[in-house]
Amino acid sequence: MDKIKQTAGLAVGAIRRHRKEAITLFSLFLFVVAMGLTCAFNVTKNIQINVDSKEKAAIGSVQTKTVSAALMTPIEEILQSEGVNITDDYTVDTDLSKLAKDVDVVNVTKNVKGTVIADGKSVDFDSTAKTVGDLLDELSLNVDENDEVTPAKNDVLTTDVSQISVARIEVKTEAREDQIPFGIEETVNDQLGTDVQNITTPGVNGLENVVDQVTYRDGQEVARNTLAKVTLKAPVNQIVEVGTKLPGGGNLSTGNRTEDPGSNMDLISAVVAQEGGHTYEGALAVISCMMNRADVGSWGGGDVISVIKAPGQFAAYLDGDYSKYMGAALPEVRQAVTDCMVGGKRSHNYLSFRSYQTSGSVQIAGGNWYFNEK
């Protein structure tokens, strides 16, 4: 105990002897602390502030400014002094309470608000995502490569985007059985009238296996492409017996050579009317004879107008009697000429006719008797 008192006494004595020096050291300490605090509040540093308005017209043009701020100034105070919006419509990537000394860059981004429609549901968003795809990732909305996203995933998310739609696209391979329609074959019977058709062999549909690639959009089929077909049962064609016997005589045939009457239609129709009368059957018989002669080529030429004008052929033309029908309506005659010359339809295969019967001649229609020279 005595030793402690002795030590304390020595210390007090030392302080008394060096009082002036102690006061000086303490004052120096206080000065250093004061200078440190002054520096902390007055020394400045540069901070970069980036403001992205997320406007479509301003894509890629973020406004950037560099400001000088005291180290101990809060970020919120710096932004307010620079007139930067820090409302709920904007997102700041830095804690506003942080001091300037701890921050180098501050990013302020306008929030984009809207709705995502997907899978029959609507989800509201309020985001600063860079792209539409980034936003979908934020919402944990999975989108595969086939799905349709509007606007596209790579599009920049801007304030004009208020709605984003996601259509689920699914592509499937599907197999099905389908009928193969039977065909129809015709056989000619010249003993039956043209108004008679008899089915001699009924048609039977076939069956095939079809593999399709089917595309669905939100569950609804939008496209179907056939990948392969395999015949399981071949179809049986229907055989139809078709009569060709015309009411006025002769037999109807189709698929014959054709030619365009063109500007000669009026002349041809007038000659045919004079030679065969005004009925369809009579006119068809005469124009058929003319086309038959044109096919042969030895009756004045290879076309109807040449045959008509050839010497010694048709009295209606040679005598000029046809002229009274030039420009006349003659609907039945004109239809017969069109069916024969343009449609390939003929009522017989004879090359000649007279107004009276001769040996071997056949009366077809229009009062004329048709025959072939022996």
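The values are calculated or read from the model by the stated rules, or taken from the named source; none is laboratory data. Quantities reported herein were computed from a predicted structural model and do not represent experimental measurements. Heads up, the Cβs are rebuilt from the backbone with ideal geometry, glycines too, and the neighbour counts pull from every protein chain shown.
Okay, here's what the table says:
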quantity	calculated
Residues located in region 289-304, provided they are assigned to a loop (DSSP other than H, G, I, E, B) and surrounded by 15 or more Cβ atoms within 10 Å (Cβ to Cβ)	TRP299, GLY300, GLY301, GLY302, ASP303
Index of the failed condition, LEU284 passing every other in (1) in contact (Cβ under 8 Å) with a residue 60 or more places away in the chain; (2) within 20 Å of PHE371 (Cβ to Cβ); (3) assigned to a loop (DSSP other than H, G, I, E, B); (4) not small (Gly, Ala, Ser)	(3)
Number of positions in region 70-120 that are among the small types (Gly, Ala, Ser) and either in contact (Cβ under 8 Å) with a residue 24 or more places away in the chain or assigned by TED's automatic domain parsing to the domain that holds GLU148 (or both)	5
Leading residue by the ranking (modelled with the lowest pLDDT) among those in region 333-353 that are under 14 Å from GLY255 (Cα atoms) and small (Gly, Ala, Ser)	SER347
Lone qualifier among THR244, THR254, THR158 - being touching a Lys or Arg at 6+ places or on another chain (Cβ under 9 Å), β-branched (Val, Ile, Thr), surrounded by 15 or more Cβ atoms within 10 Å (Cβ to Cβ) and on the phi < 0 side of the Ramachandran plot	THR158
Condition met for VAL307 (surrounded by 13 or more Cβ atoms within 10 Å (Cβ to Cβ) and under 15 Å from ASP266 (Cβ atoms))	no
Residue match in region 301-308 (condition: at pLDDT below 95 and of a type in the set (Val, Ile, Thr))	no
Of the criteria (1) under 52 Å from the mean Cα position of the chain (by Cα); (2) closer than 16 Å to PHE353 by Cβ, which one VAL307 fails	(1)
Single residue of region 172-203 satisfying the filter (over 30 Å from THR215 (Cβ atoms) and not in a strand (DSSP E or B)) that is modelled with the lowest pLDDT	THR194
First in region 308-320 and without any contact (Cβ under 8 Å) to a residue 24 or more places away in the chain, second anywhere and in a helix (DSSP H, G or I) and surrounded by 16 or more Cβ atoms within 10 Å (Cβ to Cβ), Cβ under 7 Å, 6 or more apart	LYS309/TYR317; GLN313/VAL307
Which listed residue, of LYS110, LYS98, is over 32 Å from the mean Cα position of the chain (by Cα), surrounded by 16 or more Cβ atoms within 10 Å (Cβ to Cβ) and within 30 Å of MET72 (Cβ to Cβ)	LYS110
Residue in region 327-337 that is in the same structural domain as ASN264 (by TED's automatic domain parsing), among the small types (Gly, Ala, Ser) and touching a Pro at 6+ places or on another chain (Cβ under 8 Å) present	no
Region 126-142 - residue that is in contact with a Leu (Cβ under 6 Å, 6 or more places away or on another chain) and not polar (S, T, N, Q) and, of those, farthest from ASP89 (Cα to Cα)	VAL132
Residues being assigned to a helix (DSSP H, G or I) and either exposed (fewer than 15 other Cβ atoms within 10 Å of the Cβ) or of a type in the set (D, E, K, R) (or both) - total across region 319-374	7
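Listed here are the residues, each with its yes/no results for (1) of a type outside the set (A, V, I, L, M); (2) touching a Gly at 6+ places or on another chain (Cβ under 7 Å); (3) in contact (Cβ under 8 Å) with a residue 12 or more places away in the chain.
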position: ILE180; (1), (2), (3): no, yes, yes
position: GLY193; (1), (2), (3): yes, yes, yes
position: ASN205; (1), (2), (3): yes, no, yes
position: VAL242; (1), (2), (3): no, no, yes
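Conditions (1) touching a Leu at 6+ places or on another chain (Cβ under 8 Å); (2) closer than 24 Å to LEU157 by Cα; (3) modelled with pLDDT of 90 or more, marked per residue:
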residue: ILE59; (1), (2), (3): no, yes, no
residue: THR73; (1), (2), (3): yes, no, yes
residue: ASN85; (1), (2), (3): no, yes, no
residue: TYR90; (1), (2), (3): no, yes, yes
residue: LEU99; (1), (2), (3): yes, no, yes
